[in-house]
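Below is one structure; the comments refer to it alone.
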Amino acid sequence: MSTTAAALSRTPSLSIESVLGGQGVLRAAPRTALDWVSVIRRGISSAAVDSATKTLHVTQAELADALGIPERTLARRKREGTLNSEESAKLVRLARVAERAQEVFEDADIAMHWLKSPNTALAGAVPLSLMDTDIGAESVLDTLGRIEHGVFA
C-alpha cells in the first residue's frame, strides 16, 4: 500500500467535535468547557451515536457498553432524535478521552487500540470499559498523563 493510501485508510483525527459528528450534528461550535455544558444540557443529536461508532471503530453494542447505556435505550434515542443530558454527558466524556488518547499517542489508530486493550495500570481493565463512570474515565485520563510523562505505573 502506498503512503498516500495508508494515510487515507487511517482513523481521522479524534477531536471531541469530530467524534460526535462535527458542527452539523452538534448544532453548535463549542470552544470552551462551558460551551460544552450548554450542548450537553440541550441534548446531543442521536446522529452523534452513529458518528462515534464510525469514528471510534466500535459497534453500537460496544458503545452502549462503554457508556453504560442499554443498547435498546440507544436505539430508542436514535428514533427519537436526541440523547438526554446524562447520555450526552457520557458520550462527550468518551469523546474527551479519545481525544486525549490521540494527543498522547499522536496517532488515532494507536490511541483506539490502546483504549480497546487490557491495561495493567488499570488493574487489567480495558480503558473503554471504564467510560461509564466519572472515576473510571478519570483513571484512564490519569494513566494517559503518566504515559505522556514517561511514568508507566
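The values are calculated or read from the model by the stated rules, or taken from the named source; none is laboratory data. Values in this document were obtained by computation on a predicted structure and should not be read as measured data. Counting neighbours? That spans all protein chains shown, and the Cβs are built from the backbone with ideal geometry, glycine included.
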Within segment 22-66, how many residues turn out to be among the aliphatic types (A, V, I, L, M) and more than 17 Å from the chain's Cα centre (by Cα)? 3
Test for residue 87: is it acidic (Asp, Glu) and touching a Lys or Arg at 6+ places or on another chain (Cβ under 8 Å): yes
Quick test for you: out of 52, 47, pick the one residue that is modelled with pLDDT of 95 or more, surrounded by fewer than 20 Cβ atoms within 10 Å (Cβ to Cβ) and either closer than 15 Å to residue 20 by Cα or among the charged types (D, E, K, R) (or both). 47
Number of positions in segment 55-73 that are exposed (fewer than 15 other Cβ atoms within 10 Å of the Cβ) and either β-branched (Val, Ile, Thr) or within 11 Å of residue 25 (Cα to Cα) (or both): 2
Of everything in segment 126-139, what is over 12 Å from the mean Cα position of the chain (by Cα) and surrounded by 13 or more Cβ atoms within 10 Å (Cβ to Cβ)? Give them in sequence order. 126, 136, 138, 139
